[in-house]
Every structure is written in C-alpha cells, then in structure tokens.
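Input: a single structure, listed below in structure tokens.
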Amino acid sequence: MSEQLTLSAEARDRAGKGASRALRREGRVPAVIYGNNEEPLSIHVEEKLLSKQLGTGHFFNSVIMVEVGGKTVRTLAKDVAFHPVSDRPLHADFLRVSEHASVHVNVPVRFANEDASPGLKKGGVLNIVRHEVELIVDAAEIPEDVVVDLQGFEVGDSIHISAVTLPKGAKTAIDDRDFTIATIVAPSALKSAEGDAETPAAEGE
C-alpha cells in the first residue's frame, strides 16, 4: 500500500495574485483544499517540504494528511502548477476524501520477472506503452504500484490489462477496452540481422 504523507499548512487570509506572490517570496506555496461537500479552504504550505514530497515519486497516489488550524484533513493531491522556467511549485490543489471513499488515482506500473521472458532473453526490447494505470480504489487502500509479470512473453507479444493481476479491491477506470500496457519488440539490430540472413537465400532462388 502507498504510504501516507503529512503536510503542515497555514490558513490563507488573503487571495489574489499579489498575496500569492508575497507568499512565494517567503518560501510558501499557495494552495486550496476542496471537495467532499465542504467550502474550499485556502491554505499555504512550505515550498521546501512540498518539493521534497513531490520528489518521492508517489505524491499523487498517496493520501496526504494536511494539518491546518489544529485539524487534520485527509486529502489527495489533484494538481500542482509549476513555474515554466524554474520548475518551482506555484500552486497546489488538494481534494478532501473520507477514509474509505472510492477514489481515482494514477498508479505507477512496475515490471517483474524480466529474466523469465523468452522474448527479452532473445534480445527483445520492452516497449512500455503506459507507465501509469488509472485505478478506482478505496482511499485507505491505495496501492504503491501495479506489478506486471513478464514471465513467458515472447517477441511480438502485447501485454494487455487483462493479463495483469490488479491489487485487491482495485479496478481500472478504463473498463470499455482491454488496453495495452507494454509490448515486446525486436530490436532494430536483431531485425537487420534477420534480414541479412534471409538475403543470400533469396538470391539463391
């Protein structure tokens, strides 16, 4: 299960671009908590702490407990806006969720048993089509990743979501097609070698 993150925040009294710029000069990032049939709450968080959590790689598929005004709010990060040049976080959106709410999250895909794939052993290349899969899960049971077992796959095979064992209680948000997660393709060097090997035979004919 994905770990739970904690983020300290302070309530934001003033809105507007001027107030937001002033906060950023102080090393703070303006943000908002919304949803769950409650009024939006304007807050600001420490930029260094936010950047550190963004760097974990699972900020967007973890429950984030935002501590503000002596209360703790269970949230999911929905969006972070970044400066186009410096890449500093400029604003963040957090969605309130109840403990066992059904939520949509993008979960990273992890590939296992590469050594047990005949196609990869022959020199095939794993072509990843989706690095993440959108799942519908219980907010208290968000998985850290989706594991794709590569055992038995050959060159030319496509690995579809139907071949993947999803974490318990999870289902895919896309349910109208058996979409592709990855394919195993022949490397260009292997293809050209095969082509060269066929050439003399063709000439002999």
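Would you mind getting the accessible area per residue of the chain, heavy atoms of the protein chains only, 1.4 Å probe, in Å²?
Working: 11880 Å² over 205 residues.
On a per-residue basis, 58 Å².
Roughly how big is the chain's charge dipole about its Cα centre, with Cβ charges of +1 (Lys, Arg) and -1 (Asp, Glu), in debye to the nearest 20? Each step should come with its number before you reach the end.
Working: 22 positive and 32 negative charges, 280 e Å.
About 1340 debye.
When the scattering of the stretch 61-161 is computed by the Debye formula from its Cα atoms alone, each counted once and equally, what is log10 I(q)/I(0) at q = 0.16, 0.19 Å⁻¹?
Relative scattering, expressed as log10 I(q)/I(0), comes to -0.83, -0.95.
Would you mind getting me the FRET efficiency between residue 87 and residue 165? Use the beta-carbon distance for r and R0 = 35 Å, nearest 0.05. Write out the running numbers ahead of the final one.
Values: r = 36 Å, r/R0 = 1.04.
FRET efficiency, residue 87 to residue 165: 0.45.
How big is the equivalent ellipsoid of the stretch 1-122 along its three axes, where each semi-axis is √(5λ) from the Cα gyration tensor, reported in whole Å from largest to smallest? The partial results should precede the final answer.
Details: eigenvalues 212, 72, 26 Å².
One finds semi-axes of 33, 19, 11 Å for the stretch 1-122.
P(r) for the chain, please, calculated from all Cα pair distances in 5 Å bins and given in %.
1, 7, 13, 14, 12, 12, 10, 9, 7, 5, 4, 3, 2, 1, 1, 0, 0
Say the dipole of the stretch 1-143 comes from +1 at the beta carbon of Lys and Arg and -1 at that of Asp and Glu; which of 142, 94, 83 then lies farthest toward its positive end?
Comparing the listed Cα positions along the dipole, 83 ranks first.
Counting helices only, and only those DSSP H runs with n ≥ 4, report the 222 nm mean residue ellipticity of the chain as the sum of -39,500 (n - 2.57) divided by its residues, in deg cm²/dmol to the nearest 500.
Numbers: 4 runs with 38 residues, N = 205.
-5500 deg cm²/dmol, from helical runs alone.
Please compute the length gained on full extension between residue 49 and residue 72, using 0.36 nm multiplied by the number of residues separating them and subtracting their Cα-Cα distance. Each step should come with its number before you reach the end.
Details: separation 23, 0.36 × 23 = 8.28 nm, distance 1.69 nm.
Roughly 6.6 nm would be gained on extension.
Quickly work out the residue 99-to-residue 8 label distance, labels modelled 7 Å from Cα along the C-beta direction, and quote it in nm with one decimal.
Those two pseudo-labels are separated by 2.6 nm.
What's the local net charge at residue 169, with K and R +1, D and E -1, over the other residues with C-beta under 11 Å away? Walk me through the numbers before you get to the answer.
Values: positive: 168, 171; negative: 138, 141.
The answer is 0.
Evaluate the distance, in nm, between pseudo-label points positioned 7 Å from the Cα of residue 17 and of residue 116 along their respective Cα→Cβ axes.
Distance between the two pseudo-spin positions: 5.7 nm.
Within 12 Å, Cβ to Cβ, of residue 151, how many net charges do the neighbouring residues add up to if Lys/Arg are +1 and Asp/Glu are -1?
Around residue 151, the charge tally is -4.
In the chain, what percentage of the DSSP-assigned beta bridges are antiparallel, given to the nearest 5?
Working: 39 of 51 bridges.
Taking every DSSP beta bridge with both residues in the chain, the antiparallel ones total about 75 percent.
Along the principal axes of its C-alpha atoms, what lengths does the stretch 118-165 span, in descending order and rounded to whole Å?
42, 17, 17
The values are calculated or read from the model by the stated rules, or taken from the named source; none is laboratory data. Keep in mind it's a predicted model, so treat the numbers as computed, not measured. Neighbour counts are summed over all protein chains in view; Cβ atoms, including those assigned to glycine, are modelled from backbone coordinates with ideal geometry. Surface accessibility is based on the protein's heavy atoms, side chains included, excluding ligands, DNA and RNA. Shrake-Rupley method; radii C 1.70, N 1.55, O 1.52, S 1.80 Å.
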